[in-house]
């Protein structure tokens, strides 16, 4: 017998709000990115942050670069759906698989669509390649946080998971700017991309519960 799903599927209004709001915000940001110029405040804020970055913060940001990279994130994004499937939560596994990997695909598509170069304000502290908008590290971090929050929403751990997830995403976003490899709007776009994918995939949970 299939175990009871560990999640409460969002209502249609919440799900569609989670799809339409990030889509609109991404479109607005993307329209500005197409102009090929940084937002007025971005370079100044990044230069200020760089001037006030301590050695400890730089080291921490370098650690986050590894933690949020594909060598760590991709195995986690494969193991989570597998664990849910083995526990009998097939709809939960399908939701996690779809949300996480659609976020990866979406951020690559948006990078190619907008073609925004990475910032070039100071020498990179880490090796990076590819385009800038949205941040892949932040997209994956926010997708993981979003999926885990949905999966635990009916448990006593939900607020702890939510707060830890928000903290993880915030630190990941900060680290990308500290390292000078992303603009702040790349970070915001990564969060929006993840929210969109998690909200869209959450419809699979309702199907898994017979549309209740």
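The values are calculated or read from the model by the stated rules, or taken from the named source; none is laboratory data. Keep in mind the model is a prediction, meaning the values are calculated, not measured. Because the Cβ atoms are built from the backbone with ideal geometry, glycine has one as well, and the counts that use them run over all protein chains shown.
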Residues (touching a helix residue (DSSP H, G or I) at 6+ places or on another chain (Cβ under 8 Å) and surrounded by fewer than 19 Cβ atoms within 10 Å (Cβ to Cβ)) located in segment 128-154: 130, 131, 152
Hey, residue 160 crowded, with 18+ Cβ neighbours inside 10 Å and under 28 Å from residue 81 (Cα atoms) or not: no
Selected residue [more than 13 Å from the chain's Cα centre (by Cα), over 18 Å from residue 70 (Cα atoms) and surrounded by fewer than 24 Cβ atoms within 10 Å (Cβ to Cβ)] from 170, 200: 200
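This table checks each residue for (1) within 16 Å of residue 190 (Cα to Cα); (2) part of a helix (DSSP H, G or I); (3) within 17 Å of the chain's Cα centre (by Cα); (4) at pLDDT 95 or above.
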| position | (1), (2), (3), (4) |
| --- | --- |
| 21 | yes, yes, yes, no |
| 28 | yes, yes, no, no |
| 31 | yes, yes, no, no |
| 38 | no, no, no, no |
Meets criteria (buried (at least 22 other Cβ atoms within 10 Å of the Cβ) and over 18 Å from the mean Cα position of the chain (by Cα)) for residue 180: yes
Total residues in segment 100-125, condition modelled with pLDDT of 90 or more and over 20 Å from residue 27 (Cβ atoms): 6
